[in-house]
Amino acid sequence: MASIGEKKIEHPSLGSAEQIELPEVLRSLGINVEHTSFMVTVFTAISVFWAFWKFENLLWNRVSYRIGLWVFSRPYYEDVEKYPTGPYMQEMITTLVLMSILILAYSIFSTILITILSKKGTATRKSYLALTGISFLVFLMAWWAEQSFWVSPNNWFRTELGQLSNEYWKAGIISLPMSGDKAFFLFIVFRFAEVFALLALSYNLAVDLVAYRNYRKELKEKTIARETAVWTFQRILRYVLFYTVMLLFLVFTLFPVIYTFLVSVSSEAGLRNQNLADHPIKNFVLNYSSVIFTRERGGASFQTAFRNSIFLGVGTAIGGLSISLPAAYAIARFRFSNKKPIEFLILATQMFPGIILLIPQFLIWRELGLLSTENRRLYGTLLAYFAGSVAYTVWMMKGYFETIPRDLEEAALIDGSSNFGAFLRISLPLAAPGMVAVGIFTFLGAWNEFALAQIFIGENKPTSPLPLLFYSYQDTSAPDNKPFFQLLAAYSMLVALPIIILFLSLQRLLARGATAGGVK
Amino acid sequence: MAEVKFENVTKAFGETVAVRDLNLEIHDKEFLVLVGPSGCGKTTTLRMLAGLEDTTQGRIYIDGKDVTYLPPKDRDIAMVFQSYALYPHMNVYNNMAFGLRNRLVSTSMKQLRAGVTLIMWFIVIALITAISQISGYIFGQAFYSMMMFGGIGAFFLALGLYPDFRMALTWKGMIFLSKYSQLAHEYIEIEKTIEDRVNWAAEILEIPELLNRKPRQLSGGQRQRVALGRAMVRQPKVFLMDEPLSNLDAKLRNSMRAELATLQSKLEITTVYVTHDQVEAMTLGHRIAVMNKGVIEQIGTPDEVYSKPETLFVAGFIGTPTMNFIKGKVEAGTKGLELVSLGINLHLSKEELGEKFTRLQHYEGKEVILGIRPENIKIDTQIKFAASLPGTVTFVEPIGSVTNLFFEIGIGQKITVSVEGYHKIARGDSSTLFFPYEMMHFFDPTSGKRIA
Ligand SMILES: Nc1ncnc2c1ncn2[C@@H]1O[C@H](COP(=O)(O)OP(=O)(O)OP(=O)(O)O)[C@@H](O)[C@H]1O
Ligand SMILES: [Mg+2]
């Protein structure tokens, strides 16, 4: 531990000779500090979020907005003509340029700092911490100036620039309508986010640059030609490109989720006024509790629907797996006659779109009397889900069993197990990650399924699963049955929540190399 | 305490015949090494003995009992796989205890244990249900669902993520029950015996500190020891080992080889050891069976196989550098016989060859193959009872303790000679080679069998 301060900083993408030592604080938080990509990812996510927020601020007030299902077509300013887009584009471009200049300045500044601080190409932990701290402060100052310039007069920082922007705001040149509550909420959230992002950014830059410096120094000593430096540059370039692409993906995956969340913490009036996330805390409690606790919406409530969905999902996953596992094992391990046709038959059921089978299935189920009472409809739906999932499950598990070395089962046989014992004690536990993955996907399928449940069960029944609750959040008194978007969004977040929890908690199991170390 | 006997065993995979008409007897406490080139059917033979592969024909006996149609678990054998095949999801202790548990723990005990596990799970789930019911009464329906799903979810998560938790539940139940039930008591006693045995094996193999690790946390050498330990704790009738050392580095292989030999003599368990490495075969085996293309070419002690190879294949396979072969015609000479080959005229003296000479006389006018090991050929120093030939050095290969000299004799015939230590001869030099009569082997070129 004593030598921590003396070690050289190394970066995975640059690869200097020695190991980097990082603050114990992060390690104690359980963050894998050995891998800086974590920080980069966090930074990327947060900065995307942040950038979006900034552009949103500019956009919301002027143009109508359409994202996916949610169409907010009424602009805040009724007379759009009075506020043509031209100046606002200018504003956006100015923001962009300003941000670029800031980041550039920051980079140059950190480079100088690093060069000063890391004498002889060796950055100690102390110097690196100091560097992070200082660069953070610098950025904070820059950011403050920038914020004061653009953000609304409700901002806590009522600097002179802020006053100026206030003037602008009054004159209608800049306007970012925000309630004090929202500003406060956003202030807290984004201050934290930015602090974290900045730390991450500073850290990465510091590590990168110091590693690069070390590398350059080595080059000088060994008087190696320029090629190696070019090569290093290529590595950095590849690194930058990689994260740029990741960032683009994040934009598309993360934004709808964030947007839905923001709608879910808005009030109806706020949405009507294009004022997203007004009184977020109050609305969070209000919307989510009203979704969870309101009962008797045509016999259905979120709770009953939740239970039905759990029943269907877990039933499909467990039932499907318990039928498929022996089948998959048999196909993977044993030789029997007509194996190929049987395999093809199993695959063939997956070749039709499920919706084609819906009407025949409905007729058969009705003839079997599976649709005569509400409970039977629920069980009938389970049966249908279950039948639909078997082929997929068998196929996936077959693939999984094939990856498990046969030696292991043979060792168990020699160790005194029967064939079934070897399956139970060796193959099955080793297939657990596969089972969990397949189980989650079948669960997910049942959890999100809409069409079949709609036809077999129907909406607003005590036996309706969650997707059919979609209809419940309508304002039936309104002429066009307009949905309560904030409730709909809260309901969507709640529906997604178990899945998110499931994935996060089972991530370890899913990622684990099942048979690592079993064979040489 | 067991002999093993193969009786006319044949194994065919469709068209390919992996083992052909195998007859082999392995004595009690013997260390038999099956050696041969890749794909010659060694593993297949071993797997048939283990019961992992059916025989196409023939019978296999262990300890006088016909085991041809018995499943592996009833044969009382233990096997170290070519790939080790450690159970990745169990720690070293459980890997080693697995076989013992299968043998020692009776079905009723297993059933009891499963019952206890179920009951313990039931208790946990009942507790969760009770708590959620109560919270449901107090706080409303939603809390019931939350507690129920959350609790059960957390329970299963804990079971999945921390297997020790699962074990702990069962053990708590068993220990509680053992005060009242003889069966549970016996089960716990057996677990203690298993622990003793595993510890004993771990001591011998010097791996006691690894018992709690998973196989993936072990090095290759350590995995190999665990695989060995897993076989050892069972104290089976026969040990089967399939190239257990092939994946270790040279140094570790040497030390493990010595350890294996001492271990086997200590445990006194009949062992069948498969390898394609002739050094392993020579150093480990009490007897060696040399296999080629599914057929055993020769069985004998390492010395016999080395000094009296029965076939051309065995002669070529055993020994490094490989034996020199000179094909030539046996012709009557002035004194005795002569081996005539391309530019070579090797005198075969009647007095020195003795019995070999009489057998060779039947081949007069026919072709034979003369085999002689590189280390048996002498150069320059005139020795008695040897035929001599001139040769030219084409290449010198010094490898420390010995120097390999490559000679050309006659017209383009290559001969390798191993001499001890460093030798001053250089490329292009010519020298006289002396072939001691005692060390000559003669083979029939058509059948490949030894003549004399
Ligand atoms: N399951 C199988 N199906 C078809 N042919 C097989 C099968 N197993 C082995 N063989 C064939 O049988 C022959 C003997 O194989 P075996 O595995 O016994 O060789 P080996 O002596 O153990 O070789 P190595 O030293 O490479 O392990 C080979 O020609 C192989 O191709
Ligand atoms: Mg083999």
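The values are calculated or read from the model by the stated rules, or taken from the named source; none is laboratory data. Owing to the predicted nature of the structure, the values given are computational and were not obtained by experimental measurement. Virtual Cβ from ideal backbone geometry, glycine too; neighbours counted across all protein chains shown. Accessible surface areas use protein heavy atoms only, side chains included; no ligands, DNA or RNA. Shrake-Rupley method; radii C 1.70, N 1.55, O 1.52, S 1.80 Å.
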Open item on the list: What are the ³J(HN,Hα) couplings of region B:114-131, residue after residue, when phi is run through the Karplus curve with 6.51, -1.76, 1.60 and θ = phi - 60°? Round to Hz, x for glycine and proline.
Closed with: 4, x, 4, 4, 4, 4, 4, 5, 4, 4, 4, 5, 4, 4, 4, 4, 4, 4
Task: Helix-derived mean residue ellipticity, 222 nm - over chain B, DSSP H n ≥ 4, -39500 (n - 2.57), to 500 - done: -12500 deg cm²/dmol
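Using a 10 Å cut-off on Cβ atoms, rank the peptides B:233-243, B:182-192 from the highest mean neighbour count down.
Ranking, from highest mean packing down: B:233-243, B:182-192.
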Open item on the list: Suppose each label sits 7 Å from its Cα in the direction of the beta carbon; what would the residue B:54-residue B:424 distance come out to in nanometres?
Closed with: 7.0
Open item on the list: I need the calculated FRET efficiency for the pair residue B:122 and residue A:403, taking r as the beta carbon distance and R₀ as 41 Å, to the nearest 0.05.
Closed with: 0.75
TODO: Give the accessible area for residue B:121 in Å² (nearest 10); use a 1.4 Å probe, count only protein heavy atoms, and leave out ligands, DNA and RNA.
DONE: 70
Task: Hypothetical label at residue A:366: residues of region A:431-460 whose amide nitrogen lies under 19 Å (7 Å Cα-Cβ projection) - done: A:451-459
- [ ] Compare B:381, A:463 by solvent-accessible area with a 1.4 Å probe and give them largest first, with all protein chains kept in place.
- [x] B:381, A:463
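Out of the total accessible area of chain B (probe 1.4 Å, heavy atoms of protein only), what percent is carbon and sulfur?
After summing per-atom areas, the C and S share lands at 55 percent.
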Open item on the list: At a threshold of 8 angstrom on Cα-Cα distance, excluding pairs fewer than six apart, so keeping six or more, what relative contact order does chain B reach in percent?
Closed with: 16
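At a probe of 1.4 Å, how much accessible area disappears from chains B and A on forming the pair, both sides counted, to the nearest 100 Å²?
Numbers: alone 22870 and 28500 Å², together 48350 Å².
For B against A, buried area totals roughly 3000 Å².
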Open item on the list: For peptide A:330-342, what's the mean number of Cβ atoms from other chains within 10 Å of each residue's Cβ?
Closed with: 0
TODO: Pull out the extension gain between residue B:12 and residue B:335, defined as 0.36 nm times the separation in residues minus the alpha carbon to alpha carbon distance; nm, one decimal.
DONE: 111.1 nm
- [ ] Using protein chains only (no ligands, no nucleic acids) and a 1.4 Å probe, work out which residues of region B:201-230 have their accessible area cut by at least 30 Å² relative to the chain alone.
- [x] B:216, B:223
TODO: Provide a whole-number value for the mean count of partner chain Cβ atoms within 10 Å of the Cβ atoms in peptide B:143-152.
DONE: 2
Open item on the list: Assuming 0.36 nm per residue, please report the length gained on full extension of the stretch residue B:267 to residue B:193 beyond their Cα-Cα distance.
Closed with: 24.8 nm
Task: Tensor-based shape of region B:14-125 (alpha-carbon gyration tensor, a/c under 1.5 rounded, otherwise prolate or oblate) - done: prolate
- [ ] Name all residues of region A:376-420 having a backbone nitrogen under 11 Å from the label point set 7 Å from the Cα of residue B:152 along its Cα→Cβ direction, giving them as ranges.
- [x] none
- [ ] For a quick protection proxy, order the peptides B:364-372, B:249-257, A:271-279 by their average other-Cβ count within 10 Å, most packed first.
- [x] A:271-279, B:364-372, B:249-257
Open item on the list: Can you order the peptides B:413-419, A:357-363 by their average number of other Cβ atoms within 10 Å per residue, highest first?
Closed with: B:413-419, A:357-363
TODO: Tally up the carbon and sulfur contribution to the accessible surface of region A:295-517 as a whole percent, 1.4 Å probe, everything protein left in place.
DONE: 67
- [ ] Could you state the accessible area per residue of region A:295-517 in Å², with a 1.4 Å probe and every protein chain left in place?
- [x] 47
Task: Projected label distance in nm at residue A:358 and residue A:344, using a 7 Å step from Cα toward the beta-carbon - done: 3.1
Open item on the list: So, for chain B, what is the accessible surface per residue at a probe of 1.4 Å, expressed in square angstrom?
Closed with: 47
TODO: Let me know the shape class of chain B, please: from the alpha-carbon gyration tensor, a ≥ b ≥ c as square roots of the eigenvalues, rounded when a/c is under 1.5, otherwise prolate if a/b is greater than b/c, or oblate.
DONE: prolate
Open item on the list: Heavy atoms only, 1.4 Å probe, whole protein assembly: order B:437, A:243, A:379 by accessible area, highest first.
Closed with: A:379, A:243, B:437
TODO: Report the extension gain between residue B:382 and residue B:111 in nm, rounded to one decimal, defined as 0.36 nm multiplied by the number of residues separating them, less their alpha carbon distance.
DONE: 89.6 nm
- [ ] Using only protein heavy atoms and a 1.4 Å probe, report how much of residue B:286 is accessible, in Å² to the nearest 10.
- [x] 90
TODO: Let me know the shape class of region A:295-517, please: from the alpha-carbon gyration tensor, a ≥ b ≥ c as square roots of the eigenvalues, rounded when a/c is under 1.5, otherwise prolate if a/b is greater than b/c, or oblate.
DONE: prolate
Task: Spacing of the two label points (7 Å from each Cα toward its C-beta) at residue B:399 and residue A:450, in nm - done: 7.4
Task: Calculated P(r) of region B:95-204 - Cα pairs past 16 Å, % - done: 67
Open item on the list: Residue by residue through A:402-413, how many Cβ atoms from other chains fall within 10 Å of the Cβ on average?
Closed with: 6
